[in-house]
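Q: Take a look at the following structure, please.
Read-outs: derived from the displayed coordinates by stated rules, not from any lab. Keep in mind that this is a model prediction, so the values were computed, not measured. No Cβ is skipped: glycine too gets one built from the backbone with ideal geometry, and neighbour counts run over all protein chains shown.
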Amino acid sequence: MISVKASPIRDGWTFTVQVQENNGTTEHRVKMSHADYDRLTTKAVSPEECIRKSFEFLLERESKESILREFDVMKIAYYFPEYPKELERRIRK
């Protein structure tokens, strides 16, 4: 289960994300600017849904323990160049 809580900041949001599985829970802090939100989603989903779908993407590729504890959402594209297009596909589903 992925739970996402947003806290607004001056230029976007900071999200607290908890990933709970049978073998425990991890907590992550993710920042996303308004500009990145617009670029990634064209406002088709809420910021929280964008982050939830981003974590679904990550969890298909690595364990919850391997996901950075604190990062900017665009860092995902650094490690996984297909992320923006795959996120768009998931949003349009």
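Q: Within the range 45-62, work out how many residues are of a type in the set (D, E, K, R) and not in a loop (DSSP other than H, G, I, E, B). First the steps, then the outcome.
A: Restricting attention to the range 45-62, the residues satisfying the condition of being of a type in the set (D, E, K, R) are 48-49, 52-53, 56, 60-62.
Pick out the ones that are also not in a loop (DSSP other than H, G, I, E, B) and you get 48-49, 52-53, 56.
The total comes to 5.
Q: May I pose another question? Any residue in the range 42-55 that is of a type in the set (K, R), touching a Ser or Thr at 6+ places or on another chain (Cβ under 7 Å) and exposed (fewer than 15 other Cβ atoms within 10 Å of the Cβ)? First the steps, then the outcome.
A: Filtering the range 42-55 down to residues of a type in the set (K, R) leaves 43, 52-53.
Now restrict to residues that are touching a Ser or Thr at 6+ places or on another chain (Cβ under 7 Å): none.
Looking through the range 42-55, none of the residues is of a type in the set (K, R), touching a Ser or Thr at 6+ places or on another chain (Cβ under 7 Å) and exposed (fewer than 15 other Cβ atoms within 10 Å of the Cβ).
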